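*Asks:* One structure coming up, written as C-alpha cells, with questions to follow.
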Amino acid sequence: MIKKVAAFMKRHQMLPENGHILAGVSGGADSVCLFRLLLRLREEMGFTLSVVHVEHGIRGEESLMDMEFVRRLASSHGIAFSSYACLAPRLAKERGISLEEAGREARYEAFAAESARFGDGARVALAHHMEDNAETVLFHMCRGSGMAGIAGIAPVRGNIIRPLLCVTRAEIEDFLRREGQPFRTDATNADVAYTRNRIRGRVMPELTRVNQKAAQHIARLSREAAELSAYLGERAEEALRERVTLRADGTILFWAEGLLEYPSALLTRMMLELIAKACGRKKDISRDHADALLDLALGGTGRRLSLPYGITAVKGYGTLTLGALGTGGGTEGFSFMAPAGASEYDIRVPNGTFFCRILENHKKDVNFPKNRYTKWFDCDRIKNRLSFRVREPGDYFVLDAQGRRQKLKEYWINEKVPKEERGEIPLVADGSHILWAVGHRISEYYKISQRTMRILEVRFMEEDR
C-alpha cells in the first residue's frame, strides 16, 4: 500500500522539491488513511506535513467531536493542525446551491486560504480513492458529460493532489485495520437524498456484483479518456490558433470554412474550446452547446445562437462571431429545452441557471415553503418537454381552479413590469402555458394537490453580472 501510493505520487509529480503537504482530514476512514500514509512517506519523499479540517456546521455535537478527533490525531504525531468553521446551510441558501455543493465550496475555500500561508511549494492532499473516481465517472455520464467528464477525478489539478486514487476502499480499510487506527463515521454518507450517495450505496454495489473489479475497470477507462481528452485538447488548440481572431471589442471571429475536413471528434472538441474561449470558463458547457454551434457554423448566414454566460454566436459569410449579447446585456431570444427523460438536470440560460429535479412518491402531508426562487409543480400535469426561455406570442397563465386564463402580456401590464424588463425575465413553459415567470407568479394549473404523485422542483440561481 505504502509503496503503491509513493509510486503513484512520483509518477504524477505530486510534489515540488522540499514541498509542504496540507492533508485535508475529516476524520473518516479515507482521510485518516491518507494522513497515516503521508506520515510514513514524508521523510522518504522529503516534504513537511500539516493537517487542515473543515467543520461544516451541519451535524452539531457530532461534527465538533470529529474536529476534536482530528486535532488529537495530528497532535499525537506532532503535526500542526488548523481548523475552519463554516455554516454550510446558510452558505447554500445565500448562494442558491445544494447543501452538498455548499460544503464542497467551503472546503476548497478553506484549503485555498490555508495553502496560501505556505507559498507556491504547498500542495493540498485530498483522500479521493478509486471508488470515488468511479462514482464521479458514473455521475458525469448520467448528467450527459463528454470525454472530459468521463476522465473523472484528476490526480493533480493546480495545487490539489490525490494520492489515494490508485487504491480501493477495501485496501484503505485493510490498512487502517493493520495499523490499529480508529476513525470517525459520518452518518450523512449513507443519506441517499444526496446523488453521489445513491451512486455509492446503490449503483456501485450492483456493478461490483457484475464484476468484482468494476471500480478498477472504470478507473482504467477514465485514465484512457483523460489521455484522449488531453490529446484532442492539444489538437483543437492548434486548429483554433489558425482560425480564431480576437477583436479589439472583445468578440471572437472564427473562420468557419472547410470545417468538415476535420474528424468528427476533433470538430466537437474545437467547438467546446471555442465556446469556452468566448465564455471565459468551461463550467456548464456541454456537448449540446458544441453540437448547436457546429450546426450554426455549417448553416446559413444571419442565424444566431444563445450560449451560456450571456454569449451569442452569429453566422456571417464563412465566419462565426461570438461575444456578449447586445450592448445592454439583454437576454432577448434565448430558449432551451429540458433533456428528454432526465429526472435531474441543470439548464444554463444567459442570466442564470435552472436546477431541476423530479421528486418521486410525494408525501401528502408535506408543506412546501414559500420561496421566491424555488417552486414546486405537479410533474404529471406537464404535457410537453419543458422549455426555459423568454416571452413568446401567445404565452399565458391559468389564474385559478376554474381554468381562467390571462395572457402574459396582460399580466406584465397589471403588475406594472417595465417594458424594457419583460423580454429579460426567464420563464418555464409547457408549450405556450407558463408554469413560472421567475420572480413572479406560477400557474394555478400546475400547483401541487392531494392527487400529486410526482413533483418537479425548479430552482433558479441568477448569474452575477
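The values are calculated or read from the model by the stated rules, or taken from the named source; none is laboratory data. Keep in mind that what you see is a predicted model, and the values were worked out from it rather than measured. Because the Cβ atoms are built from the backbone with ideal geometry, glycine has one as well, and the counts that use them run over all protein chains shown.
*Asks:* Which condition does PHE139 not pass, out of (1) in a helix (DSSP H, G or I); (2) under 14 Å from the mean Cα position of the chain (by Cα); (3) buried (at least 19 other Cβ atoms within 10 Å of the Cβ), if it passes all the others?
*Replies:* Single failed check for PHE139: (3).
*Asks:* Ok, one more. Being part of a strand (DSSP E or B) and either out of contact with any Cys (no Cβ under 9 Å at 6 or more places or on another chain) or not acidic (Asp, Glu) (or both), is that true of even one residue in segment 111-120? Write out each step before concluding.
*Replies:* First, pick out the residues of segment 111-120 that are part of a strand (DSSP E or B): none.
No, every residue in segment 111-120 fails to be part of a strand (DSSP E or B) and either out of contact with any Cys (no Cβ under 9 Å at 6 or more places or on another chain) or not acidic (Asp, Glu) (or both).
*Asks:* May I pose another question? Restricting segment 56-84 to residues that are among the β-branched types (Val, Ile, Thr) and part of a loop (DSSP other than H, G, I, E, B), which is nearest to ARG42 (Cα to Cα)? Talk me through it step by step, then tell me what you get.
*Replies:* In the first step, residues of segment 56-84 are kept if they are among the β-branched types (Val, Ile, Thr); the result is 58, 70, 79.
After this cut, where a residue has to be part of a loop (DSSP other than H, G, I, E, B) as well, the list is 58, 79.
Values: ILE58: 33, ILE79: 12 Å.
Across segment 56-84, the extreme among qualifying residues is ILE79.
*Asks:* Continuing with this model, one more query. Can you list residue pairs whose Cβ atoms sit under 6 Å apart, with the first residue in segment 158-175 being under 12 Å from SER31 (Cα atoms) and the second being β-branched (Val, Ile, Thr) and surrounded by 21 or more Cβ atoms within 10 Å (Cβ to Cβ)? Count only pairs 6 or more apart in sequence or on different chains.
*Replies:* Pairs found: PRO163/VAL5.
*Asks:* Suppose we filter LEU298, LEU325 for residues that are of a type in the set (A, V, I, L, M) and modelled with pLDDT of 90 or more; which single one remains? So that I can check it myself, show each step before the final result.
*Replies:* Working: LEU325 fails: modelled with pLDDT of 90 or more.
Matching residue, one of LEU298, LEU325: LEU298.
*Asks:* Name the residue that is modelled with the highest pLDDT, counting only residues in segment 85-110 that are in contact with a His (Cβ under 9 Å, 6 or more places away or on another chain), assigned to a helix (DSSP H, G or I) and not aliphatic (A, V, I, L, M).
*Replies:* Checking each candidate, the answer is ARG107.
*Asks:* Which of the helices (runs of 4 or more DSSP H) found entirely inside segment 201-282 contain at least 2 residues meeting this: among the small types (Gly, Ala, Ser), under 29 Å from the mean Cα position of the chain (by Cα) and farther than 22 Å from ARG162 by Cβ? Don't jump to the end; show me each part of the working.
*Replies:* Values: elements: 204-210, 214-243, 264-279.
Once the helices (runs of 4 or more DSSP H) in segment 201-282 are filtered for at least 2 residues that are among the small types (Gly, Ala, Ser), under 29 Å from the mean Cα position of the chain (by Cα) and farther than 22 Å from ARG162 by Cβ, what remains is 214-243, 264-279.
*Asks:* Okay, moving on. Being closer than 24 Å to ALA113 by Cβ, surrounded by fewer than 20 Cβ atoms within 10 Å (Cβ to Cβ) and not hydrophobic (A, V, I, L, M, F, W, C) is the filter; apply it to segment 29-62 and report the residue that is nearest to the chain's Cα centre (by Cα).
*Replies:* GLY57
*Asks:* Ok, one more. Out of ASP30, ASP66, which single residue is closer than 30 Å to ARG459 by Cβ and at pLDDT 90 or above?
*Replies:* Numbers: ASP30 fails: closer than 30 Å to ARG459 by Cβ.
Unique residue meeting the criteria: ASP66.
*Asks:* Any idea which residue in segment 226-251 is farthest from ILE275 (Cα to Cα), counting only those that are surrounded by 15 or more Cβ atoms within 10 Å (Cβ to Cβ) and at pLDDT below 90?
*Replies:* ALA226
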